[in-house]
Structures are given as structure tokens and as C-alpha cells.
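Encoded as C-alpha cells, the structure appears first; notes follow it.
The values are calculated or read from the model by the stated rules, or taken from the named source; none is laboratory data. The structure displayed is predicted, hence computed values, not measured ones. No Cβ is skipped: glycine too gets one built from the backbone with ideal geometry, and neighbour counts run over all protein chains shown. With ligands, DNA and RNA removed, areas are computed over all heavy atoms of the protein, side chains included. Shrake-Rupley method; radii C 1.70, N 1.55, O 1.52, S 1.80 Å.
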Amino acid sequence: MTRKTDQTPQSTDDLIALLDAADRLPGANELRSLSYDLLGADSGKSVVDVGCGAGRAVAELANRGMKAVGVDPSERMIAVARTRWPESDFRNAGAYELPLAESSMDGYRADKVFHELGEPERALAEARRVLAPGGRVVLVGQDWDTFVIDSDDAAFTRRIVHARADLTAGPRAARRYRNLLLDAGFGEVTVDVHTGVFTGPAMLPLLTGLAEGACSTGAITREQTESWIAEQRARAEADRLFLALPMFVAAAMALR
């Protein structure tokens with residue numbers, strides 16, 4: 001799932017629907033809860049959710065008693081978030097220039113965001129600026145080169161995955177979380193991997209999106225795209241679809 005800042009209203013709404021569907025997948029609630037726990041989400045603490053999308057995490061953090069601020073570069077995303085969660089604090093801004101004072105936050109969270117950043121180092125420098133000493137940062141995301149998909153043609157599927165990965169600014173950002181955090185001056189860095197295994201039709205839109213993205217680059221033809229999608233659809237109908245999606249969760253502390 002990607003977050004583009006130059007999307008049309010319709011494409012943004014489509015992305016919101018996709019993110020909503022992702023939030024309903026098995027294990028999604030548990031993964032969000034883990035990210036809150038890693039923030040040290042205690043009542044009264046302040047946290048910024050960067051790339052907040054339609055605002056679910058901001059509302060959930062507020063329900064834990066935290067002073068949560070949601071930031072997103074998409075005006076449409078922020079408008080939808082404000083409609084859904086009118087009591088929450090949402091602001092239109094990107095990861096490189098947060099509308100927050102220095103050392104004003106106890107926590108910084110970014111979920112499925114860093115693969116869209118061409119300069120993740122700059123985003124983490126901004127995270128350090130807004131975090132108070134001892135503040136926590138939590139990054140969550142998938143590695144776009146690491147989709148494990150069963151298929152009749154493994155080499156062709158690998159081509160799809162890699163071609164789609166190359167459409168993102170930082171497809172391998174998740175595997176870099178630890179080193180990015182260390183290089184940015186954070187301490188007590190931990191990284192864990194939580195792999196979701198999906199065998200039903202709920203993931204067909206994601207698989208279709210991978211193939212369509214690869215097709216848009218010219219890596220595969222339209223005929224090949226439709227054939228591969230048809231294979232995955234047939235697998236889903238026969239209860240033979242298999243997708244394993246590792247999600248990387250990194251946490252660290254601001255030392256200054």
C-alpha cells in the first residue's frame with residue numbers, strides 16, 4: 001500500500017478504501033497495538049502519527065489517553081480523518097517539516113510511510129527535532145521486495161514483485177530501519193518481523209495492484225498481467241492462494 005501526495009481525489013479515496021481493508025485483515029489490530037505499546041503509550045503523553053491517513057491510529061491512541069496529533073501530506077486524507085474523528089487533532093504536513101515545536105513530543109510513529117520517502121534520513125532528523133529526550137520512535141512497514149507469493153511461475157512472479165517495488169521511492173526502507181535509526185543518533189534500537197499469511201480472496205486487490213504496477217513499467221505485457229491475475233483469482237477460488245507478507249517493526253529512543 002502506497003501513499004502518494006499527488007493523487008486525484010478518486011485515487012485517494014481508493015487508497016483510503018484499501019487502507020481500511022488492510023486494517024480489517026487478521027493480525028492488523030494486534031500489530032497496531034504493538035506499535036502503541038512500543039511507544040510507551042501511557043496516558044497524558046504526546047505522540048505524533050506521521051502519514052496518519054484517515055486517522056484510525058490517532059483515534060486509538062487518544063482512546064489510550066494520549067495527546068495524539070495526526071500529520072499527513074494529503075489534504076483529502078486530512079479532510080476524511082477530521083470527518084471520521086472530529087475530536088482528534090489532524091494537520092496537513094509532510095514528514096520533513098512537522099508543524100510541531102522542538103522537543104514537544106514523547107512519541108513518533110510512522111506506519112507504512114518510509115517506503116514513500118526519498119530522504120528517510122531527513123525524516124528521522126525531523127523526528128529527533130520534535131522528540132523530547134527519552135522519547136520513542138516506532139516505524140512499521142513492509143519491504144516491497146519481500147512479498148512471498150505462490151505461483152505457477154516463480155521467476156515471473158519475482159519479476160512482478162521487483163518491478164512493482166521499483167515504483168516506490170524507498171522499496172527497501174524497512175530492511176534499513178535499524179541502520180537508519182542508528183545513523184540518525186537514536187539508541188536502544190530493536191527490530192522485529194511479524195509475518196502475515198493470507199490464503200483467501202481478501203488479498204486479491206493487493207496482488208492485482210502488484211501486477212498492474214509491474215505492467216505500467218513495461219516489465220510485463222498486458223496479456224501476461226491478465227494471465228497472472230487470472231491464475232491468482234483461480235487459486236483464491238480453489239483455496240490455493242498463498243501470500244506471506246513480512247511487516248517490520250522498529251523502535252528506538254531519542255538520546256538527547
Folded to 0 to 90 degrees: helix 120-130 orientation relative to the chain principal axis, Cα: 30 degrees
Cα gyration tensor, the range 74-143 - rounded (a/c under 1.5), prolate or oblate: oblate
Under 5 Å, built H, 5+ apart or other chain: amide partners of G135: A254
Residues with amide H under 5 Å from that of S46, placed H, sequence gap 5 or more: K67, D106, G107
The chain: angle of helix 204-217 to the longest principal axis, Cα-based, in degrees nearest 10: 80 degrees
Mean separation of Cα contacts under 8 Å, 6 or more apart, over the residue count of the range 33-128: relative contact order %: 31 percent
Extreme residue, positive dipole direction of the chain, given options V249, G107, A93 (C-beta unit charges): G107
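Whats the longest run of the chain with zero GluC sites (Glu not before Pro) that are DSSP loop and have at most 14 other Cβ atoms within 10 Å?
103-256
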Mean accessible surface per residue for the chain, computed with a 1.4 Å probe while every protein chain stays in place, in Å²: 45 Å²
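Among DSSP beta bridges whose residues both lie in the chain, state the antiparallel percentage, nearest 5.
Roughly 50 percent of the beta bridges in the chain run antiparallel, per DSSP.
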D192 accessible area, 1.4 Å probe, all protein chains in place, Å² to nearest 10: 80 Å²
Helix 28-39 vs. the chain, principal-axis angle (Cα, 0 to 90°, nearest 10): 30 degrees
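Taking all protein chains as present, what is the carbon and sulfur share of the accessible area of the range 129-256, in % to the nearest whole number, probe 1.4 Å? The partial results should precede the final answer.
Working: 2960 of 5760 Å².
Solvent-exposed carbon and sulfur of the range 129-256 make up 51 percent of the total.
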Antiparallel %, DSSP beta bridges [both residues in the range 38-155], to 5: 0 percent
